[in-house]
1. Considering only residues that are free of Cβ contacts under 8 Å to residues at least 12 places away in the same chain, part of a helix (DSSP H, G or I) and either out of contact with any helix residue (DSSP H, G or I) (no Cβ under 9 Å at 6 or more places or on another chain) or closer than 17 Å to residue 609 by Cβ (or both), which ones fall in segment 48-66?
2. Could you list, ordered by first residue, the pairs with Cβ atoms under 8 Å in which the first is in segment 142-156 and farther than 24 Å from residue 554 by Cα and the second is outside any strand (DSSP E or B) and modelled with pLDDT of 95 or more, at least 6 apart or interchain?
3. Go through (1) out of contact with any helix residue (DSSP H, G or I) (no Cβ under 6 Å at 6 or more places or on another chain); (2) touching a residue at least 24 places away in the same chain (Cβ under 8 Å); (3) assigned to a helix (DSSP H, G or I) one by one and return the number of the condition residue 645 breaks.
4. Can you tell me which residue is surrounded by the most Cβ atoms within 10 Å (Cβ to Cβ) among those in segment 343-366 that are in contact (Cβ under 8 Å) with a residue 12 or more places away in the chain and over 30 Å from residue 265 (Cα atoms)?
5. Quick one: in segment 572-596, which of the residues that are assigned to a helix (DSSP H, G or I) and in contact with a strand residue (DSSP E or B) (Cβ under 8 Å, 6 or more places away or on another chain) is surrounded by the fewest Cβ atoms within 10 Å (Cβ to Cβ)?
6. What is the one condition in (1) over 25 Å from residue 382 (Cα atoms); (2) over 23 Å from the mean Cα position of the chain (by Cα) that residue 346 does not satisfy?
7. Could you tell me whether residue 491 is in a helix (DSSP H, G or I) and free of Cβ contacts under 8 Å to residues at least 24 places away in the same chain?
8. Pick out the one residue from 575, 579, 561, 590 that is over 24 Å from the mean Cα position of the chain (by Cα) and closer than 27 Å to residue 256 by Cα.
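The values are calculated or read from the model by the stated rules, or taken from the named source; none is laboratory data. Keep in mind that what you see is a predicted model, and the values were worked out from it rather than measured. Note: ideal-geometry Cβ built from the backbone for every residue, glycine included; neighbour counts use all protein chains shown.
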């Protein structure tokens, strides 16, 4: 196409470790450059022209999505203090409105539709209610930059006050005060401020100066302690705040050691990997941190990921490393009896839900699969049964039409779903394959109405759980990070070949999808084996790895040396260079590509997808379509507007369906 945008090529030389790289699109980092403004306009016009080919598909999908969801919904309430809290959504309105009740009347606390109406972008970072029910705190971002503005509402007076700029996701109410974090120039939450909600006086409470460490706040379930958690990617240190606001260090940070605290009946319970990488739970008296006693020992095939503690029982969230599946163990304190909650599906997502009551006989959990909508259960500890509280209603949906399986490509887990009546078993089905593989994060089989529209068109949907993720424990993560990062890419390719061999699909009929750090996977796969893929979907993709990791002034760079390595060290420099998707583009037949980016994204800067797309086009020898969807008013996501999210997903899926049908 003659109208494909061609940005100017300006040589910029990077010299490091006796090596020299010429980056012709480095200039795009200057967002004030007139050439960039012109280029972005050309990209928007080109995308608009291309998207006319599948606009009808996008509209069809969007209407499908809308027809399936319940636009008016009320969440199942949770108890906190003397009130029950819940949210509502309303037809035609994009955001949640939060309510509470004392059992006699409903009270509107905050309606984010009213706050968001004057902004093009809106994303709520967090909302917290104080235990006494007098105040609530909330923050939001109106740019996508994750610079959250913090506000305080005095519920008694129905007054909202602005508190601070540059706050982050983590803040907590404790003993009548609001503790919140603010960020530095690299978006690192580094300082804690303490707010008196009555006088609005603010005082500095804590500062963390080491650039590789962030601050996170957590309160004990019994309301007796506030925990200040200082963490890098692989190390933690916890400071304890008591009811008199005295600070005490629990255990000094030690490289590679992570630990987390909770409190129950005069004892701290400690989850730590100090003595075993699968984690163990210890306990000690609140007045003697050295008197450690083992509570739950490590097991070879189980990783303990977290726990929730109550007066009468503890719920332990575990990973079965052999099956690559989570499970929940219950231990009762009165008799030390242990049992597991049973779940019927071969793969699922389960998590602790709103468990704010310290004295309770129930554990609240959230459960879903690729083909089962979000479901809220209360688990009765004594009677060992799940009590259904609420399941998200999905219209025009029958679970019996679909099937989900967990299969393995040798040792690589794959979660797969399809419409039973549309599966051919002759390699003719298109495969939509999603992957991530970073930070030890697991990709869970969440239910989404958008995925139903994929399955209803005869496409098989698969999540490939590659190394670098956490699906099979710490070892699985370690085998796909630092100097092992290429294994993430090779695992995905290997799994795709396995699915082809077993007649799920065929070469050239695979849609590969990834987001953020999953951009390394997507970019790496189409560099290595472009012929396997029909189309690549890369949401805010991290693809310019070497350049980003060479710039410590960018958010996350210093923090992420533990994941990718520091390229100031020669060994890491050359290894990162060998797989960084942008640096390994060569002349070949690339598949169709859709990349997305937000102008204000602080995590993956906008220039990474732009540079990647420009260089792909320059080297592409096929007639495939390579486009970038650029959002002026967005960051690492399109925000919290649920209709905008559905529209975005309709666009992405429509592009993929159009490329499939082009032939």
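1. Listed by number, the list holds a single entry, 48.
2. 152/197; 152/200; 154/134; 154/197; 155/133; 155/134; 156/134
3. So residue 645 meets the others, but not (2).
4. Applying the filter and picking the extreme gives 347.
5. 574
6. (2) is the only condition that residue 346 fails.
7. When the stated conditions are applied, residue 491 does not pass them.
8. None of the others qualify; the one that does is 575.
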